[in-house]
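Read-outs throughout are calculated quantities, based only on the coordinates presented, and are distinct from any laboratory measurement. Note that the coordinates shown come from a computational prediction; the quantities given were computed from them, not determined experimentally. Here Cβ is always computed from backbone atoms with ideal geometry, including for glycine, and neighbour counts include all displayed protein chains.
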Amino acid sequence: MAVTIETLLDEREIHRQLCRLAAIMDSRDWEALGEVVADDAAGDFGEGYDVSGCAGFEAIFRQFLGKCGPTQHLLGNLVVEIEGDAATSRCYVRDMHQGLGERAGLFLSTPGEYRDRWIRTSSGWRLVYRQKINLMMIGSVGALGVDEV
């Protein structure tokens, strides 16, 4: 299949949406989630952590990020496949979470991969499905403000 300018622009917009979602998580800008995540999106964040709807994404992000200090989600090795008004993407994620308050000395990193599906809407590309695959866990879940997950 020949690469077109339109395909490259679509890939770039999805890349920007991925980066925007990482920034939303790190800044806790929950009001902006709907500009990236579709209202009827679904997600699999590991055993027992399935979500549905943009509100479900917000709830799980709040659960994991609401009681910890600063976070950083770095993305790399991105591959996007466009098929008309649908797309898939895969990228590595290297995240870091620092504890808050008395847990400030604790850190947690869960390097892994995001496997996503997207749809083109009149407002641009929106995430309709995310699977987070954790390849390892480095540090303490106490950084999240909990004793276990």
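A compact table of results
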{"quantity": "Region 5-144, Cα convex hull volume normalised per residue, Å³", "calculated": "97"}
{"quantity": "For a label point 7 Å along the Cα-to-beta-carbon line of Ser109, residues of region 51-95 with backbone N under 15 Å", "calculated": "71-76, 92-95"}
{"quantity": "Stretchable slack from Glu35 to Thr88, in nm (0.36 nm times residue separation minus alpha-carbon distance)", "calculated": "17.3 nm"}
{"quantity": "Integer Hz, Karplus 6.51/-1.76/1.60 couplings in order for region 88-103, x for Gly and Pro", "calculated": "10, 9, 9, 8, 6, 10, 10, 10, 9, 10, 10, x, 10, x, 5, 9"}
{"quantity": "Relative contact order of region 5-144, defined on C-alpha pairs under 8 angstrom at six or more residues apart (%)", "calculated": "23"}
{"quantity": "Crossing angle, helix 5-27 versus the chain [Cα axis fit, 0-90 degrees, rounded to tens]", "calculated": "20"}
